[in-house]
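One structure below.
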Amino acid sequence: MLEELLIFTRGGLILWSLAGGAAAALKGSPVDALVRSFLLDGRSCGSGFTHGPHALRWAFHNALGLVFVAVYRKVLHLLYVDDLLAAVAAEFARIYHPRRASYDGFGERFRQLHLEAEARASRPASVPVKPGPAPSDGVPVPHGGGGGGESETAGDESGQDDSDGEQEEHNSVDGSFNAVEENSNAGHGAEVVKGEEEVAPSNAAAFDISKLQLIFRPNHKIKPNKPAPRDKKPVTTDKRRRIPDNVPSAKDLDFSDPADARGAPAMNQAPVNQGKSGMDQDEATRSSTAKSGWFSSMFRSIASGNVALEMSDLQPALKALKDRLMTKNVAEEIAEKLCESVAASLVGKQLGSFTRVSSSVQAAMEDALVRILTPRRSIDVLRDVHAAKQRGAPYVIVFVGVNGVGKSTNLAKVAYWLRQHDLSVMLAACDTFRSGAVEQLRTHARRLQIPIFEKGYERDPAVVAKGAIQEAARNKTDVVLVDTAGRMQDNEPLMRALSKLINLNNPDLVLFVGEALVGNDAVDQLTKFSQKLTDLSTAPTARSIDGILLTKFDTIDDKVGAALSMVYVSGAPVMFVGCGQSYTDLKKLNVKSIVNTLLE
């Protein structure tokens, strides 16, 4: 049975409740979780939403701006909920008035609708009877003989093998080709339906092209297969080594640290200064390039006024919009869900005069994309660092992700940006798995002149991170950047080690480092990382991904869909964007520019 059915406006005003206005009294507040997780961002979830022991289904009335939510125990599997929501929405729309705030008399009508929906769901579905195949002259009689009807069925089910019988062969003109044997190993009465041939893979070699050509074209001469000519030896020509004029010298390509006479790296060099970080620079918003003439746009925009939009009206525009999103590297599943949410927000709305359907769909999609990509919480890392500094504790950031996405490089970019804001930084080398990882981080630490905490390889990363945090607290260091080993989302041992590191040290920020090059794989990576960290957590409140650092953003041109896919599946904001190889190539995500690029 239903525990709650809630009717409220998009502005949050509750009009009617089955529980008498006590929707928030449900344990765990599933309606509040639904509003925060889906309705605020305009997300689509066709299979419903589960929160704890409850399952929720909802429907919209876009013309009136109403939301209908049903809550029930997920173990019940109520099949009539969608039907009931549609009936309630249609009935409530008849009595709704914007100035009316109380609908106490709707309870009796709801009980009738509830009983009718239950009765419709309890009716057994009529099973259509599939007619049998009509007899025709084109059906060959099986070579096993026999009459037909029930005797044939009995012969098939008896399981007796008739392989000892003589098999019928159709010989060709020269007797060199035998046709396919018709169910030689089947029982009596086996039928072969014309046009439904099944060729086993093992008999594929029985079809010889040369024999078929002799049957159908006896006068055609078959040329023998000539042996392939032997490859000639490649002629080698002596060419002088071509050297471009602008090749840098070996000295220009040497980026190693200067060493003293013993070969040890010099530690008293000045820190690298490559200028102002991209995080502190304002980026120009990329505008949409779609333009059209005045007369053509006005001619195409003429539509019948005050007509309610239907799904059939939206399908062509949604199909074109989905294809456009997928060409921009948006995962197919995400593009489909976005189109579903846009359709749900437009069906039933009145389309005014001089308004195109495609324009309405694009405007709704733009609003949905801006809502999804705009962070719902503060992502001001500098403010959080100063707040932790006042508490006397270091601010800890853990970088996680799959192999080869650029965690160590972008960690150094973040360290460079923090140093420019007069914050003391320490690096923690917790990638004790990959060879060369500690040396790579040590090189960045020397170039930036910041301390590094390391314990070598084959150590417990959680213990190394804990030691680094304790060392930073003793030295009054402001920020600790923890580098972790790259791991695939399906690697159970490494995921357990990462979960242990996060649970033991409780960092302030967990950043998932992902490539902007990936499309569908971004959804799988981020979903499984978040799920593994949640499932393997031993803390009372499970930790998951707090933010996203998107790398290699300078290599994708207009294929910016990975940012949308990652934010959609995780709800975590994109906090940093890596766009180059130098320490200054780190910037913020420009939401408006991304949306314009996706829709152009």
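The values are calculated or read from the model by the stated rules, or taken from the named source; none is laboratory data. What you see is a predicted model; the values in this text were computed from it and never measured. FYI the Cβ positions are ideal-geometry reconstructions off the backbone, even for glycines, and counts take in every protein chain you see. Areas reflect the complete protein model, heavy atoms only, side chains present, ligands, DNA and RNA absent. Shrake-Rupley method; radii C 1.70, N 1.55, O 1.52, S 1.80 Å.
The table below lists the values:
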item	result
Candidates L84, L79 - the one that is farther than 18 Å from S345 by Cβ, surrounded by fewer than 14 Cβ atoms within 10 Å (Cβ to Cβ) and touching a helix residue (DSSP H, G or I) at 6+ places or on another chain (Cβ under 7 Å)	L79
Test: residue in segment 358-373 that is out of contact with any Cys (no Cβ under 9 Å at 6 or more places or on another chain), modelled with pLDDT under 90, assigned to a loop (DSSP other than H, G, I, E, B) and open to solvent by 20 Å² or more (accessible area, probe 1.4 Å)	no
Per-region count, segment 434-467, residues within 35 Å of the chain's Cα centre (by Cα), under 28 Å from Q390 (Cα atoms) and open to solvent by less than 20 Å² (accessible area, probe 1.4 Å)	3
Close pairs from segment 368-395: first at positive phi, partner surrounded by 15 or more Cβ atoms within 10 Å (Cβ to Cβ) and among the β-branched types (V, I, T), Cβ under 9 Å, at least 6 apart	none
Close pairs (8 angstrom Cβ cut-off, 6 or more residues apart or separate chains): farther than 21 Å from A522 by Cα in segment 305-327, basic (K, R) anywhere	A308/K349; L309/K349
Yes/no for G392 being surrounded by fewer than 17 Cβ atoms within 10 Å (Cβ to Cβ) and closer than 16 Å to G578 by Cβ	no
Of all residues in segment 93-106 being in a helix (DSSP H, G or I) and in contact (Cβ under 8 Å) with a residue 12 or more places away in the chain, the one that is farthest from A59 (Cα to Cα)	F106
Subset tally (residues that are farther than 21 Å from L494 by Cβ and in a loop (DSSP other than H, G, I, E, B)) for segment 411-455	7
Enumerated strands (runs of 3 or more DSSP E) restricted to segment 464-572, each holding at least 3 residues that are among the hydrophobic types (A, V, I, L, M, F, W, C) and farther than 13 Å from V396 by Cβ	547-551
Criterion: at pLDDT 90 or above and open to solvent by 10 Å² or more (accessible area, probe 1.4 Å) - qualifying residue of K559, K587, K532	K587
Subset of segment 376-385 that is touching a strand residue (DSSP E or B) at 6+ places or on another chain (Cβ under 9 Å) and at pLDDT 85 or above - its residue that is surrounded by the fewest Cβ atoms within 10 Å (Cβ to Cβ)	D384
Per-region count, segment 453-487, residues touching a Lys or Arg at 6+ places or on another chain (Cβ under 7 Å) and modelled with pLDDT under 90	2
Check on R419, of a type in the set (D, E, K, R), open to solvent by 40 Å² or more (accessible area, probe 1.4 Å) and touching a Cys at 6+ places or on another chain (Cβ under 9 Å)	no
Filter result for V405 (in contact (Cβ under 8 Å) with a residue 24 or more places away in the chain, part of a loop (DSSP other than H, G, I, E, B) and crowded, with 20+ Cβ neighbours inside 10 Å)	yes
